[in-house]
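Accompanying notes for the structure given below.
Values in this text are rule-based calculations from the coordinates and carry no lab data. Because the structure is predicted, anything quoted here is derived from the model rather than measured. Backbone-built Cβ (ideal geometry, glycine too); neighbour counts: all protein chains shown.
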Amino acid sequence: MVDSSNNMYIKRADDFRKEADKKLKGSFFGNLMNGKEDRDREAKDLYQQAANCYKAANDRDSAIECLMRCIDCEPESMSKADLMTEAAKIIKAVNTDKYIKYINEAI
């Protein structure tokens, strides 16, 4: 039962990640209609949703990767610090060195 639940979360996360990648890449008409800031904001939201699904499936590496992509899409330094802190919390239980690195970057 747990495996099917994890698979569901991973599938949803993969879908969110693919959609976010498409948003960042853009399209000709999409680029005309939305500016880069709008595309970045939409992609950030999708990466955040993907990270949450990966966390629910206990896929820490993928969750952190999505959070790092959120950081790349975020223009505000305070929000970047919050995202880096969230990544640190995810990795804390399994890798103390990365936890310290992420916390220092957040600070």
Seminar exercise, completed: Toy charge model, Lys and Arg Cβ at +1, Asp and Glu Cβ at -1: the chain dipole around Cα centroid in debye, rounded to 20, equals 120
Problem set entry | Packing-based ranking, highest mean first, of 64-74, 9-19 given that Cβ atoms within 10 Å are counted | 64-74, 9-19
Seminar exercise, completed: Both in Å, the radius of gyration and Dmax of the C-alpha trace of the stretch 2-106 are 14.6, 45
Seminar exercise, completed: If R0 = 41 Å, then Ser4 and Ser79, at their Cβ-Cβ distance, give a FRET efficiency to the nearest 0.05 of 0.75
Problem set entry | Reachable aspartates and glutamates from Lys101, criterion Cα separation under 17 angstrom, eight or more residues apart if same chain | Asp61, Glu65, Asp82, Glu86
Problem set entry | GNM top mover of Lys23, Lys92, Lys80 - the chain, alpha-carbon springs below 10 Å | Lys92
For this session: For a quick protection proxy, order the peptides 99-106, 45-52 by their average other-Cβ count within 10 Å, most packed first.
Result: 45-52, 99-106
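In deg cm²/dmol, rounded to 500, what helix-only [θ] at 222 nm does the chain give when every DSSP H run of at least 4 residues adds -39500 (n - 2.57) and the total is split over its residues?
After summing the helix terms and dividing by residue count, I get -28000 deg cm²/dmol.
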Seminar exercise, completed: In the chain, taking the dipole from +1 charges on Lys and Arg beta carbons and -1 charges on Asp and Glu beta carbons about the Cα centre, the listed residue (Leu67, Ile10, Ile107) farthest towards the positive end is Ile10
Exercise. What pairs from Lys25/Lys92; Lys11/Lys36; Lys23/Lys89 go past 29 Å between their alpha carbons?
Worked result: Lys25/Lys92
